[in-house]
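Trainee: One structure, pasted below without further comment.
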Amino acid sequence: MTTIRAVVTDIEGTTSSIRFVKDVLFPYARERLPAFVETHGDTPEVQHWLHEAAKEAGIVEASRQEVIEMLLRWIDEDRKSTALKALQGMIWKDGYENGDYQAHMYPEVSARLHAWRADGLHLYVYSSGSVPAQKLFFGYSEAGDLRPLFSGYFDTETGAKRERASYEKIAEAIGEQPGHILFLSDIVEELDAAKAAGLQTGWLLREPLTVPDAPRHPAYRDFDAIVL
């Protein structure tokens, strides 16, 4: 393998269980979203993202209640909407700060991230969740505050995770040749896009999944199995 100088990691299914997001974060945001929009809907930041959500849906005019109902439907659909993710992140902030939950982290992840950073690698996150939500996730994790380990964060404002151009933008932003960057994810289509952009890839198969006989990407059960 070409020398790796930077690692870009996904979150769900890679560093952390999908179940935490599905069973804790999504329901928390869904329950509180209507009241949050009603009480914060006039603040500039919330107004901006409500407008972006309406624009994404092709809505010219809609009542606040109609927008709320649309956002709730998007949560149920797990829609990869930048506007929705931004609003969810604002709601999750309260939950983290109030101690309602901590972000799940697979047991070996923290030690491996620390080791990679100590070896001089630069670490980044690329997730469909908003950058503020990513920082909350790693700041309030079961393994403690992991934010000092990371050099940067990327979300869907960079581009969709299954598009080659997104990874080209990330490589440019990091300032490394794509071949020196390792992207880790549990989603093979994301890995395909990263590979097309020239990045090295690592396919995390955390759950009891069957590893294909000839996987398109190097496959690992956990971070400890990754040799750089």
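The values are calculated or read from the model by the stated rules, or taken from the named source; none is laboratory data. Just so we're clear, the structure is a prediction, and the values are computed from it rather than from any experiment. Neighbour counts are summed over all protein chains in view; Cβ atoms, including those assigned to glycine, are modelled from backbone coordinates with ideal geometry. We work out accessible area using only protein heavy atoms, side chains counted, and drop any ligands, DNA or RNA first. Shrake-Rupley method; radii C 1.70, N 1.55, O 1.52, S 1.80 Å.
Trainee: Could you work out how far helix 44-56 tilts from the main Cα principal axis of the chain, as a 0 to 90 degree angle to the nearest 10?
Mentor: For helix 44-56, the angle is close to 80 degrees.
Trainee: Kindly state, to the nearest 0.05, the FRET efficiency for R64 paired with N98, given R0 = 35 Å and r defined as their beta-carbon distance.
Mentor: With R0 = 35 Å, the Cβ-Cβ based efficiency is 0.85.
Trainee: I want to verify a result. In a Gaussian network model of the chain, Cα cutoff 10 Å, which of these has the top mean-square fluctuation: M70, M105, M90?
Mentor: Taking springs between Cα atoms under 10 Å, the residue moving most is M70.
Trainee: For the stretch 82-134, give the magnitude of the charge dipole about the Cα centre (Cβ charges: +1 Lys/Arg, -1 Asp/Glu; no others), in debye to the nearest 20.
Mentor: My answer is approximately 160 debye.
Trainee: For the stretch 21-98, what is the charge dipole size about the Cα centre, in debye to the nearest 20, if Lys and Arg each add +1 at the Cβ and Asp and Glu each add -1 at the Cβ?
Mentor: That gives a dipole near 200 debye.
Trainee: Taking amide H positions as placed 1.01 Å from N in the peptide plane, with prolines and chain starts having none, which residues 5 or more places from T9, or on another chain, fall under 5 Å of its amide H?
Mentor: Y124, V125, Y126, L184
Trainee: Between F36, F154, F137, which gets the highest mean-square fluctuation from a Gaussian network model of the chain, Cα cutoff 10 Å?
Mentor: F36
Trainee: Here's another thing I want to ask about it. Relative contact order for the stretch 21-98 using alpha-carbon pairs under 8 Å, separation at least 6, rounded to a whole percent?
Mentor: Once divided by the residue count of the stretch 21-98, the mean separation gives 43 percent.
Trainee: Still on this model: Listed highest first by mean packing, meaning other Cβ atoms within 10 Å per residue, what order do 57-69, 11-23 come in?
Mentor: Ranked from most to least packed, the peptides come out as 11-23, 57-69.
Trainee: Mean-square fluctuation check for the chain, GNM, Cα pairs under 10 Å: which of S151, S81, S130 is largest?
Mentor: Answer for the Gaussian network model of the chain: S151.
Trainee: Which FRET efficiency, nearest 0.05, do A165 and K55 yield, Cβ-Cβ r, R0 25 Å?
Mentor: That gives a FRET efficiency of 0.75.
Trainee: Modelling each spin label as a point 7 Å along the Cα-to-Cβ direction, I'd like the H114/D78 distance in nm, to one decimal.
Mentor: Taking the two extended label points, one gets 3.2 nm.
Trainee: Moving on to the next point. Given a 1.4 angstrom probe, I'd like the percentage of the accessible area of the chain that is carbon and sulfur, rounded to a whole number.
Mentor: Percent of accessible area from carbon and sulfur atoms in the chain: 49.
Trainee: With contacts defined as alpha carbon pairs under 8 Å and 6 or more residues apart, what's the relative contact order of the chain in percent?
Mentor: 25
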